[in-house]
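*Asks:* Take this structure first; my questions come after.
The numbers here are math on the coordinates, done by the rules we state, and not lab data. Small disclaimer: the values here were computed from a predicted structure and weren't measured. Heads up, the Cβs are rebuilt from the backbone with ideal geometry, glycines too, and the neighbour counts pull from every protein chain shown.
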Amino acid sequence: MNDARERAELRTILLESFGANDAPTVADEWIDRMGIENVRVVRDGATVVAGLALLPMAQFFGGVPVRSSGIHAVAIDPGYRGRGVARELMRNALAESRASGAPLSTLFASTYALYRSVGYERAGATFRASVDLARIGSSRTAARHLSVRREAEGDQAQITELYREQAHARNGFLERGAFAWDRITRPARIQALHSWVVVRDRAIVGSVRWYHGPSPSKGKPAGSYYDLEIIDLVAADAEVVARILTLVADHGSLGGRAHWTSGPDDPFLLALPDRWFELALVDCWMLRLVDVEGALLARGWPKAVSGRLHLSVSDDVLPQNAKAFVLELAGGKASIEPGGDGSLKLTSRALAGLYSGYLSPTALHACGWLDGSLDQRELAAACFAGPLPWFRDRF
């Protein structure tokens, strides 16, 4: 954006597009968090009519962080909707992402139709876990020998490293940059954030951050006045998981429930002693391979799998990706050579779901998005197998 007038125009579009009744200062803070250098707009003449943020980030796949452009705050002026402006905005963002060397692009979608039309597909999920504090049960008295204290100035470096050690083993987790950490350490509209760390042998081995939210009357335990809304939590091992759950459960005298962003294989969920919890699907995030060959070469691969996949990818938006090639895996390394018989045919959307491990070749074949021999489909399933892709962040 070039000046204060354009910033004001985008601010108005953001407030209207996202149904916000806040003062303009809230949208200004939002733009500042995104970073004005990351904002891209579409103009009609001199007037801003649409915008988004192109956030530099990375996601772990196969234990390796792969550069990605996070698409955030896509907003179109109501008077310009249905005229192809959003598609133009996204095409330009994809072209810029490819030119920058980021082989992936990631987003949360308000509508699948638009983003599927430019090659994105569901590639992971975000869930909300909820549990009555009284139901955490035996974890209340677990691992109390580990000390806990409030987060202090200077702790963030250790917390960041602890998070990264945990994230690298999970497909899809973000390699958090400044934007992601800012949303966790300074959440918008939260007046009182409570941040705690678990310490063992003078080292930080766990971290949890929450604020007190309203406790709804439906299903509220007698005497509860608030729920714990947990923004982030990370633990080095099972003992630390137990200590954090103990810290959370100790709020049960006045607290009703704890809620956090989770996944089916979240250790904090698996450690709960019984089935009395809820896990609800909140959203699916979408992925796009901006540079197909670059994305395949950048990620990690299972060392126990070897073989040759004869891929033929179709891509109407980024024709540079539309080609046949052979992906060979051996010893956890990948190599690519042009050509091959192209016997495993798939769209750019199908490849996105396959790449993350969220959509299997069997499911993609059933949808008509992937075609190939049973041998090639089975090899693809082995190559792309991994932990269920999910992450705790929103952007």
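*Asks:* May I ask you to derive the relative contact order of the chain, considering only C-alpha pairs under 8 Å and at least 6 residues apart, and to give it as an integer percent?
*Replies:* 20 percent
*Asks:* I'd like to know how region 127-283 sits against the 2.2 N^0.38 Å rule of thumb: what's its Cα Rg over that expected value?
*Replies:* Against the empirical 2.2 N^0.38 Å value, I get 1.00 for region 127-283.
*Asks:* Calculated FRET efficiency, E328 and D371, Cβ-Cβ r, R0 22 Å, to nearest 0.05?
*Replies:* 0.60
*Asks:* Mind putting together the pair-distance distribution for region 291-383? All Cα pairs, 10 Å bins, whole percent per bin, short to long.
*Replies:* Final binned percentages: 17, 56, 26, 1.
*Asks:* Let me know the Kirkwood hydrodynamic radius for region 4-119, please, with Cα pairs as the basis and the value in Å to one decimal.
*Replies:* By the Kirkwood definition, the hydrodynamic radius is 14.9 Å.
*Asks:* Continuing with the same structure: Once you wrap a convex hull around the alpha carbon atoms of region 146-215, what is its projected area averaged over all directions, in nm²?
*Replies:* 6.1 nm²
*Asks:* So between A304 and H194, what do we pick up on full extension, going 0.36 nm a residue minus the alpha carbon distance?
*Replies:* 35.3 nm
*Asks:* What shape does the chain take by its C-alpha gyration tensor, where a ≥ b ≥ c are the square roots of the eigenvalues and a/c under 1.5 counts as rounded, a/b above b/c as prolate, and the rest as oblate?
*Replies:* The shape class here is oblate.
*Asks:* What residue among A109, A366, A123 shows peak mean-square fluctuation when the chain is described by a Gaussian network model with Cα springs under 10 Å?
*Replies:* A366
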